[in-house]
Amino acid sequence: MADVAVTPRARAGGIRKLLERYPFLPALVIVAALLLLNGVFSPNSLSYRSLTGLLSTYMALIMLAIAQTYVVYAGDIDLSAGSILSLVNVAIVVLMERWGGGAGAVLLALALGLLLGLACGLVNGIVVAALRLQAIVATFATSIFFTGFALYILPVAGTPAPALFWRTYGGRLLGVPFVFYILAVLVVLLLVLSRTRLVTQLLAVGDDQQAAFQTGLPVVPVRIKGYLLCGLFSALAAFCITGDTASGDPLVGGKMTLYSVAAVVLGGSALSGGWGTVVGSLLGALTIGLINSVVFFMGTPSEWQNFVQGLAILVVLMAGVLAGRRARA
Amino acid sequence: MTRILTFVREPLIIALVLIAALLYLGEMLSPGFASGGQVLRLLIVASLLGIVAAGQNVVILGGREGIDLSVGGVVSLSAIIAGNVMNGADGGIVPAILACLAAGAFFGLLNGLGVTLLRIPPLVMTLGMLGVLQGLLVVIRMGIPSGRAAPGLSGFVTQPFFFGIPGIIWLWIAIGVLMAFMLHRTVFGHRIYAIGSNEHAAYMAGVPVRLMRIALFMISGMFAAIAGMCLLGYSGSSFANVGEQYTLSSIIAVVFGGTSLAGGKGGYTGTMAGAILLVILQSILTTVNIDESGRQMVFGATLLLLMMFYGRGRAMRA
């Protein structure tokens, strides 16, 4: 009898240990289940070509979710991530067009785009960490400012990106779709970042700001660095959306901010900070993309699609929170 | 001296001074800005925001990262429901009120259950609910026409009702008095502050914390529903996502009113001033002759500047 009683507990302990080590496991399971569902409703949707398409469409959201993750690590939030994306999107498109759309122009515009993203992140960091304004309302205010700036650069959507840029993004290199290279570079970048002291510091600040301060961590600079990372990845997200839509749109990222927050939660990270993984956020962003495609392939009537998507996202959000809590408990 | 300084730092005083300054600035920029009729029009717009902010206010006061991101969705939904139930006839006003309040209470209940029973953080729960509501709006919109406001409702919102002042402003004043009474003179109100400042202590003292929290989200949903109806009366017919802007601006109004996002501190009188402040600011920016991009940049920068006056976090100390 004793053995019988002990075994389930041991097994539960095993699952808990697994969750502790890989907190993104629930998100991975959800992604796998959604892929399976997609395959059931439309076997074609699991083809190499479809998956590549899915990845290139949702790469921007993946990047934005990762951007959001670094501020959430520190217990902050960035409601301006989507408008940074819009701003960088219109800035690089306009610059590329003005400079003729050659390879040199594209690279220079991208470099400036990264700087612009970093600058926006710096503004957010100063406003939230140094001036100590509340993150939710302060980054909402900066998002209005960034959107205004984006509208100043390009008042109406439509300026096309140079063909060189979007053909590369949507094309192949040595027979492999370009987005896979992006994904590979992203994974390496995330691995490198995860080994840096900064990520540990962000998590420490998010876990207990006061304690982090008392152990001698420079809390304000650490939080600013979190926002800088967020700005940087938002700029990368802007590159992806520019490659995907091949045009500039000053309002393209507006709706994406809240999805990026949702993706972070889906990935099992705690919005209160101190706990989370970027891989989870990556999977969370994929989850949102896969939900949208499942709902479509299920043959849901078009007017019901948004509702079913919203409901499904709400359900997996709850699952993400509950699973994340179990892992931490 | 210290007493005077504390008084001047009162968020309500800051907001009132800023309102006066902005009215003066508006009058300078475009004569007639601070005229009686114009101020009444501003107050009508502010009352719509203020009513949504009343619900947002109690949820935020209740603490534990309380926030309601679904109010914008409820405002839109309520405008559609009201438009269809009354469909231009005065006889439909009462059923419309009941239907809207029921819808607001229902979605508030769902939010509250998620937050208390499943312990989902309010930000996540209400964000998810916003997605559901937006989807629901699409479904309703495809199925039926958007409906029209009854003349009685439009008159209540836009025409002079009593002492030359539109009914919605009286309604807002009544809500202000009721909220002040509820927050400061009733057990329910004291319990809101109690769970907002120390949930555990409140629980130990016998406050039904979960029921309280569910009630707060239901109140928020119902205030958003009332605002949605009034918004329909204001614009005549509802259009896609009319309520979207109210989600974050209601939070800003609460913050400008001096309520801490951490909960347990603040009140509704300040929030009313905050709503007026926000609306005047937006209105000045529309009277000034600059294009949309400049307007947004100035608006964002001004919001940040104004936030500097309010409840900044404490500096880290060892």
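Values for this structure:
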{"item": "Partner chain coverage, peptide A:239-249 - average Cβ within 10 angstrom", "result": "0"}
{"item": "Chain lengthening between B:VAL94 and B:TRP170 when straightened (0.36 nm per residue, less Cα-Cα)", "result": "25.5 nm"}
{"item": "Kirkwood Rh, Cα atoms: Rg over Rh of the protein assembly as shown", "result": "0.97"}
{"item": "Pairwise centroid distance, computed over Cα atoms, of the range B:54-116 with the range A:257-305, Å", "result": "26 Å"}
{"item": "Averaged over A:301-308, number of beta-carbon atoms from partner chains that fall within 10 Å", "result": "5"}
{"item": "Helix-only mean residue ellipticity at 222 nm for chain B, each DSSP H run of n ≥ 4 adding -39500 (n - 2.57), per residue, nearest 500", "result": "-24500 deg cm²/dmol"}
{"item": "Within 10 Å of each Cβ in B:109-119, the average number of Cβ atoms from other chains", "result": "1"}
{"item": "Additional length obtainable on full extension of the chain from B:LEU16 to B:LEU117, 0.36 nm per residue less Cα span", "result": "32.3 nm"}
{"item": "Residue order, fewest to most beta carbons within 10 Å, for A:ASP207, A:ASP244, B:ASP90", "result": "B:ASP90, A:ASP207, A:ASP244"}
{"item": "Choice from B:ILE60, B:ILE284, B:ILE80 showing the highest fluctuation, given a GNM over chain B with Cα pairs closer than 10 Å", "result": "B:ILE284"}
{"item": "Contact order relative to length of chain B, as percent, for alpha carbon pairs under 8 angstrom and 6 or more apart", "result": "34 percent"}
{"item": "Neighbourhood charge, 11 Å Cβ-Cβ cut-off, centred on A:ILE126 and excluding it, Lys, Arg +1 and Asp, Glu -1", "result": "+2"}
{"item": "Set of lysines near A:LYS225 by C-alpha distance (under 30 Å), chain-local residues within fewer than 8 positions excluded", "result": "A:LYS255"}
{"item": "Among A:195-206, A:109-120, the order from most to least packed when residues are scored by Cβ within 10 Å on average", "result": "A:109-120, A:195-206"}
{"item": "Spacing of the two label points (7 Å from each Cα toward its C-beta) at B:ARG185 and B:VAL288, in nm", "result": "4.2 nm"}
{"item": "Net charge over other residues, Cβ less than 13 angstrom from the Cβ of A:MET256 (K, R count +1; D, E count -1)", "result": "-2"}
{"item": "Packing rank of B:112-118, A:246-252, B:245-251, A:14-20, where each peptide gets the mean count of other beta carbons within 10 Å, highest leading", "result": "B:245-251, A:246-252, B:112-118, A:14-20"}
{"item": "For the range B:243-318, fraction of C-alpha pairs farther apart than 22 Å, in %", "result": "30 percent"}
{"item": "Cα centroid separation, the range B:183-239 to the range A:117-192 (Å)", "result": "38 Å"}
{"item": "Candidate lysines - alpha carbon under 19 Å from B:LYS265, same-chain residues fewer than 8 apart omitted", "result": "none"}
{"item": "Inverse mean reciprocal Cα-Cα distance (Kirkwood Rh) of the range A:30-328, Å", "result": "19.5 Å"}
{"item": "Gain on full stretching of the segment that runs from A:ARG98 to A:LEU122 - 0.36 nm per residue minus C-alpha separation", "result": "6.0 nm"}
{"item": "Sequence of B:PHE181, A:PHE41, A:PHE24 once ranked by neighbouring C-beta atoms within 10 Å, starting from the fewest", "result": "B:PHE181, A:PHE41, A:PHE24"}
{"item": "Sum of -39500 (n - 2.57) over DSSP H runs of 4+, divided by residues of chain A (222 nm, nearest 500)", "result": "-25500 deg cm²/dmol"}
{"item": "Global form of the range A:29-183, assessed from the alpha-carbon gyration tensor, a/c cut-off 1.5", "result": "oblate"}
{"item": "Chain B: Cα Rg divided by the 2.2 N^0.38 Å rule of thumb", "result": "1.00"}
{"item": "For the range A:30-328: relative contact order, % (alpha-carbon pairs under 8 angstrom, 6 or more apart)", "result": "35 percent"}
{"item": "Average Cα contact separation per residue, the range B:50-204, under 8 Å, 6 or more apart, as relative contact order %", "result": "30 percent"}
{"item": "The range A:205-229 versus the range A:97-116: alpha-carbon centroid distance in Å", "result": "34 Å"}
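No value in this document is a laboratory result; all are computed from the given coordinates. What you see is a predicted model; the values in this text were computed from it and never measured. We place every Cβ from the backbone using ideal geometry, glycine too, and count neighbours over all the protein chains shown.
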